[in-house]
Amino acid sequence: DQQVKQNSPSLSVQEGRISILNCDYTNSMFDYFLWYKKYPAEGPTFLISISSIKDKNEDGRFTVFLNKSAKHLSLHIVPSQPGDSAVYFCAASARYGGSQGNLIFGKGTKLSVKP
Amino acid sequence: ETGVTQTPRHLVMGMTNKKSLKCEQHLGHNAMYWYKQSAKKPLELMFVYNFKEQTENNSVPSRFSPECPNSSHLFLHLHTLQPEDSALYLCASSHALNDRGPYEQYFGPGTRLTVT
């Protein structure tokens with residue numbers, strides 16, 4: 001059973017608007033969450049992370065929100081740019097009760113930003 | 001070279017062949033990882049090394065054999081693979097795993113493996 005779920009395989013957004021990518025998790029031991037971006041023929045690139053002691057982390061156009069009670073996190077990109085078109089992966093890890101090195105990934109959401 | 005590099009980028013091998021994938025990181029990290037990405041599936045962690053010691057083997061078949069001679073290099077030795085092993089194999093590195101972790105992992109570009 002998948003512990004990290006990205007239920008939208010794809011998302012299309014107009015340039016300049018906000019992109020919201022969603023991720024749900026089931027394991028309450030997860031306490032560290034990451035977003036990665038992947039272009040074709042490249043490896044995933046780390047974007048932004050958040051620890052479970054926070055509910056928001058911002059880095060430029062990228063903001064990650066964490067709702068622990070709902071076991072939900074989201075990545076907001078604003079304003080969206082055509083260069084943001086890529087596959088976005090959500091990942092989660094547990095510091096205790098399991099392997100720290102074990103990042104559990106979702107299946108990804110393909111974002112298309114249209115000019 | 002910067003970041004995490006992987007060679008070869010593409011590999012086609014028969015089921016009776018033996019080949020090796022190589023990964024090198026230039027980030028000063030002490031933890032290295034192998035992942036497998038199959039079509040329409042999430043990235044799956046295969047192996048974790050922390051300071052050259054294997055700390056995780058995620059129930060990977062023995063036809064995949066990792067080797068970590070030092071903190072900068074990681075190999076994945078392949079032998080008698082099956083067609084279903086065809087996938088993208090990704091290497092990653094991070095700061096050493098300890099109580100202050102976990103840390104973000106930095107990925108290489110991957111090796112696209114096709115088993116015929």
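For this structure, a couple of remarks:
- Computed over neighbours whose Cβ is under 9 Å from that of B:Lys36, the net charge equals -1, Lys and Arg +1, Asp and Glu -1.
- Debye, to nearest 20: dipole size of chain B, +1 on Lys, Arg Cβ, -1 on Asp, Glu Cβ: 380
- Estimated vicinal HN-Hα couplings, Hz - the range B:75-87 in sequence order (Karplus 6.51, -1.76, 1.60; Gly, Pro = x): 10, 10, 8, 10, 8, 6, 6, 10, x, 6, 7, 4, 5
- In terms of the mean number of neighbouring beta-carbon atoms within 10 Å, the peptides B:85-98, A:59-72 order highest first as B:85-98, A:59-72.
- FRET efficiency, 1/(1 + (r/R0)^6) with R0 22 Å, evaluated for A:Asp1 and A:Asn67 via beta carbons: 0.55
- For B:Arg63, residues with placed amide H under 5 Å, excluding near neighbours: none
- Computed over chain A: relative contact order in percent, which uses C-alpha pairs under 8 Å that are six or more apart: 37
- When chain B is treated as a GNM with alpha-carbon contacts under 10 Å, the residue of B:Glu67, B:Glu24, B:Glu84 showing the greatest mean-square fluctuation is B:Glu84.
- Among the cysteines of the protein assembly as shown, B:Cys68 have no other cysteine beta carbon within less than 4.7 Å of their own.
- When only alpha carbons are used to place a centre, the range A:11-63 and the range B:48-116 end up 24 Å from one another.
- Each peptide in B:72-79, A:88-95, B:4-11 was scored by the mean count of other Cβ atoms within 10 Å over its residues; highest first, the order is A:88-95, B:72-79, B:4-11.
- Stretchable slack from B:Gln54 to B:Thr7, in nm (0.36 nm times residue separation minus alpha-carbon distance): 14.8 nm
- Sequence ranges B:40-48, B:58-66, A:23-31, ranked by mean other-Cβ count within 10 angstrom, highest first: B:40-48, A:23-31, B:58-66
- Solvent-accessible area, 1.4 Å probe, carbon plus sulfur percent, for the range B:16-62: 43
- Taking chain B and dividing mean pair separation by its residue count, relative contact order in percent (alpha carbons under 8 Å, at least six apart): 36
- Interface of A with B. Using a 1.4 Å probe and counting protein heavy atoms only, the two chains hide about 1800 Å² of accessible surface, both sides summed.
The values are calculated or read from the model by the stated rules, or taken from the named source; none is laboratory data. Just so you know, these numbers come straight off a predicted model, no measurement behind them. Every residue, glycine as well, gets a Cβ built from its backbone with ideal geometry; the counts of neighbours run over all protein chains shown. For accessibility, only protein heavy atoms count, side chains too; no ligands or nucleic acids. Shrake-Rupley method; radii C 1.70, N 1.55, O 1.52, S 1.80 Å.
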